[in-house]
Amino acid sequence: MANLYKKGVVFNVLMWFFKIFFLVIVLFTLILLIRSFIVTELNVFNAESDIFIQRIMLSRDSISYYDVDIDRVYPGIIDLDKFTSATIDKVLNDSVYYGTENKKIAASFTLKDESDNVIKSITYNPDYFSRWKEMYEAQWMNGPGGVGAKAKRFEVLIKGTELKRGFLEIVVILPNS
Amino acid sequence: MLKRGVFLGKKGQGEMEEEVYSTLIQVAILVFVLVSLGLYLKSVRDNTVFEKIYLSRDIALLMNSIYAAPENIGYVYAAGETNLTKFTFKSQENYVVVNDKNSISNQEMFYKYATDLSFHEEFPLIEESKILTFVKNDNTLKVGTEGTGKLNALICQDINTKSSNWKTKVIIDPGHGSDINKPDDPGDVGYSTDAVKESVFTTQVATALKSFGYMLTRDYNYYLPLRDRISAAKNSDVIISLHVGNYSQDKNIALAFVSAESLKKAESRKLACLILNIFMTQFNFESIAIVPVFHSELLPDDPKQILMQDKIAVFLEIENINNKASVKALKPSEIASAINDALNQYYG
């Protein structure tokens, strides 16, 4: 042992470790630096929520009035017959189908009369809507696991037994990841 | 006693040896680190993870948009400057899956989209294609690499319209009309350019149709008031009104207007559909469409008032007057022949 100490072998070995450690640090720093320049995130929240809303408004299987004879959808006219909780689930689950479990999007639709009284309110993907709504209200909006929301209000005609003016409020919630 | 050699220093055995080995190991580690870094940089340079993420999201959003659109759609996706040939595309359980077949990592990127269960979707594995084509027609969405094909061929309603002795029930109404030789003719040339006058064109098509045995509201180019046209068509079952469109863009299109409130709207739509499909097949139209007309929105003197609600009625706008080359290229006899074919299909 004394001989080893004399020759500084331990010191040299320690220096090796230090050098290797230093090299590894440098390598990782470089890799992290390079990775930080690689952009892999694309935020499509706005486009996705807008398309969803357009889909709800324009789809013939959705809540807008659809004339079967001339195969035309009237996007500004909400068909009250189709705007019921019972049928809306089927209509939306068939026409906006995200797979067996929808972890992608949830929304609520509220139909109001001219005086802003609620006529009817329905929810698409209600389980996740209530869960995500709580997160949104708790301002848990950033990063993976957070959610984003978009609200829109449309002036519409409501077609029941007669045509009435009213508003349709749509709130769309999407998870960040 | 060892002699002094390469690895034997003056100071004693192994000292030089130790230093050389130490240096060699350090150099080896350095080389390893540099090679690793080089390989990593190469993999970063060759990596297409961003493109894969971009493409999967872009195509998923496009699928959503296409499903959201109420009408038939044909869309050619070329992704700008991104070379699509090195990527593979497929759909898997509501995900657009994109991979780079040349990448070492072989890591798929995916993004979810919403389908419509009332649609039949075909999205096979696509490889080495410069474009992706999306065709939504009726209740089918096809994703492929071929051209959009008969993209605008409308799906005509399957209703029974067979009949015999039908020619005498059809009246052709050439729009507008102006006789410059008649001093009392107020003249209604319609849209006109130095190449074509609408009243002349519609008269030519109508007179060509007359040779097939159809009745006309007017058989030469003169002004005929709307009420006289309606009166002339009163005893007919089918009215086809001929016009030329006027659209600011230089596109060549054919539109068929049908009444949305007519008792015969389904029949009118079927006839319009057949005419437009033949137009699309035989002529160079970029786009065709059936447009519903609401009578409450029409002015009293609107020529579309000819779309009487108790008759099968189609108001045709053939071509865009501003597309001079296309309008000039249209031959009235061929247009007439196409309309005759459509009527034969309708009643046959």
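The values are calculated or read from the model by the stated rules, or taken from the named source; none is laboratory data. On a predicted model such as this, the values are computed, not experimentally measured, just so you know. Cβ coordinates were reconstructed from backbone atoms using ideal geometry, including for glycine residues, and neighbour counts include every protein chain displayed. Accessible surface areas use protein heavy atoms only, side chains included; no ligands, DNA or RNA. Shrake-Rupley method; radii C 1.70, N 1.55, O 1.52, S 1.80 Å.
When the dipole is taken about the Cα centre of segment B:89-141, and only Lys, Arg (+1) and Asp, Glu (-1) are charged at their Cβ, what size is it in debye, to the nearest 20?
In debye, rounded to 20, segment B:89-141 gives about 140.
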**OP:** Give a residue-ordered list of calculated ³J(HN,Hα) values for segment A:156-173 (Karplus: 6.51 cos²θ - 1.76 cosθ + 1.60, θ = phi - 60°; whole Hz; x for Gly, Pro).
**Re:** 10, 9, 10, 9, x, 6, 9, 7, 10, 7, x, 10, 10, 9, 10, 10, 10, 10
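At 20 °C and 1.002 mPa s, what whole-number value in µm²/s does Stokes-Einstein give for the translational diffusion of segment B:305-348, with Rh from the Kirkwood sum over Cα pairs? Write down the numbers at each step before the final one.
Working: Rh = 12.5 Å.
Once the numbers are plugged in, D ends up at 171 µm²/s.
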Subject >> Average partner coverage of A:40-46, which counts Cβ from other chains inside 10 Å >> reply: 3
Subject >> Value of Rg/Rh across segment B:13-120 [Cα atoms, Kirkwood radius] >> reply: 1.37
Subject >> Per-residue SASA entry for A:L174, accessible area with 1.4 Å probe, Å² rounded to 10 >> reply: 10 Å²
Subject >> Value of [θ]222 nm, deg cm²/dmol, for chain B, DSSP H segments ≥ 4, -39500 (n - 2.57) each, nearest 500 >> reply: -11000 deg cm²/dmol
Original post:
Is chain B best put as rounded, prolate or oblate by its Cα gyration tensor, with a ≥ b ≥ c the root eigenvalues, rounded for a/c under 1.5, and otherwise prolate when a/b is larger than b/c, oblate when not?
Top reply: prolate
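Which order do you get for B:E122, B:E317 if you rank them by accessible area with a 1.4 Å probe, largest at the top?
On the way: B:E122 75, B:E317 25 Å².
Sorted by accessible area, descending: B:E122, B:E317.
Run the dipole for segment B:180-277 about the Cα centre, Lys and Arg Cβ at +1, Asp and Glu Cβ at -1, nothing else charged, and hand back the magnitude in debye, nearest 20. Kindly include the intermediate steps, with their values, before the conclusion.
Working: 12 positive and 11 negative charges, 76 e Å.
So the dipole magnitude of segment B:180-277 works out to roughly 360 debye.
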**OP:** Please tell me the relative contact order of chain B in percent, rounded to the nearest whole number, where contacts are Cα pairs under 8 Å and at least six residues apart.
**Re:** 14 percent
**OP:** Find the centroid of the Cα atoms in segment A:52-103 and in segment B:185-239, then give the distance between the two in whole Å.
**Re:** 43 Å
Original post:
Picking from B:H243, B:L132, B:N165, whose Cα lies most toward the positive end of the charge dipole for the protein assembly as shown (charges on Cβ: Lys, Arg +1; Asp, Glu -1)?
Top reply: B:L132
Subject >> As computed over segment B:188-236, the Cα convex hull volume per residue (Å³) >> reply: 68 Å³
**OP:** List the accessible area buried at the contact between A and B, summed over both sides and calculated with a 1.4 Å probe, in Å² to the nearest 100.
**Re:** 3800 Å²
Subject >> Probe 1.4 Å - accessible area at B:E334, Å² to nearest ten >> reply: 80 Å²
**OP:** Work out the P(r) tail for the protein assembly as shown: percent of alpha carbon pairs separated by more than 37 Å, whole number.
**Re:** 53 percent
**OP:** Pop out the ³J(HN,Hα) list for segment B:234-245 in order, Karplus 6.51 cos²θ - 1.76 cosθ + 1.60 with θ = phi - 60°, rounded to Hz; leave Gly and Pro as x.
**Re:** 4, 8, 9, 9, 10, 10, 10, 9, 9, 8, 10, x
Subject >> Charge-dipole axis of the protein assembly as shown as Lys and Arg at +1 and Asp and Glu at -1 on Cβ define it, positive-most pick from B:I104, B:Q26, A:V156 >> reply: B:Q26
Original post:
Tilt of helix B:265-282 relative to the longest C-alpha principal axis of chain B, in degrees (0 to 90, nearest 10)?
Top reply: 60 degrees
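In what order, largest first, do B:W166, A:W140, A:W16 sit by accessible area if the probe radius is 1.4 Å?
Numbers: B:W166 30, A:W140 135, A:W16 75 Å².
Reading off the accessible areas and sorting them downward yields A:W140, A:W16, B:W166.
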Original post:
Sequence-distant or interchain residues sharing an amide H contact under 5 Å with A:V156, placed H: which?
Top reply: A:G166, A:F167, A:L168
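First compute the accessible area of chain A with a 1.4 Å probe, then give the percent of it belonging to carbon and sulfur atoms. Let's see the in-between values first.
On the way: 6200 of 10400 Å².
Carbon and sulfur atoms account for 60 percent of the accessible area of chain A.
Tell me, what is the percent relative contact order of segment B:90-132, built from C-alpha pairs under 8 Å that lie six or more residues apart?
Relative contact order of segment B:90-132: 38 percent.
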Original post:
Can you run phi through the Karplus equation (6.51, -1.76, 1.60; θ = phi - 60°) for segment B:302-312 and list ³J(HN,Hα) in whole Hz, with x for Gly and Pro?
Top reply: 5, x, 6, 5, 5, 6, 5, 7, 9, 10, 7
**OP:** Can you tell me the relative contact order of chain A? Whole percent, Cα pairs under 8 Å, sequence separation 6 or more.
**Re:** 19 percent
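Take the alpha carbon gyration tensor of segment B:204-348, find the square roots of its eigenvalues, order them as a ≥ b ≥ c, and report rounded if a/c is under 1.5; if not, report prolate when a/b exceeds b/c, else oblate. Write out the running numbers ahead of the final one.
On the way: a/c = 1.31, a/b = 1.23, b/c = 1.06.
Rounded shape, in that the Cα axes give a/c under 1.5.
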Subject >> Amide H contacts of B:T140 (H built 1.01 Å from N, under 5 Å, at least 5 apart or other chain) >> reply: B:H120
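Treating only the Cβ of Lys, Arg, Asp and Glu as charged (+1, +1, -1, -1), what charge dipole size does chain B show about its Cα centre? Round to the nearest 20 debye. Walk me through the numbers on the way to the answer.
On the way: 36 positive and 42 negative charges, 126 e Å.
Result for chain B is approximately 600 debye, rounded to the nearest 20.
Please work out whether segment A:25-104 counts as rounded, prolate or oblate from its C-alpha gyration tensor, where a ≥ b ≥ c are the square roots of the eigenvalues and a/c under 1.5 means rounded, while otherwise a/b larger than b/c means prolate and anything else oblate? Don't skip to the answer; put the middle values down first.
Numbers: a/c = 5.09, a/b = 3.16, b/c = 1.61.
Prolate is the answer for segment A:25-104, as a/c is 1.5 or above and a/b outweighs b/c.
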Subject >> Spacing of the two label points (7 Å from each Cα toward its C-beta) at B:L125 and A:L33, in nm >> reply: 4.1 nm
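Let me check something: with ligands and nucleic acids excluded, how do B:C273, B:C156 order by accessible area (1.4 Å probe), largest to smallest? Can you show the working numbers first?
Working: B:C273 0, B:C156 40 Å².
Result, largest first: B:C156, B:C273.
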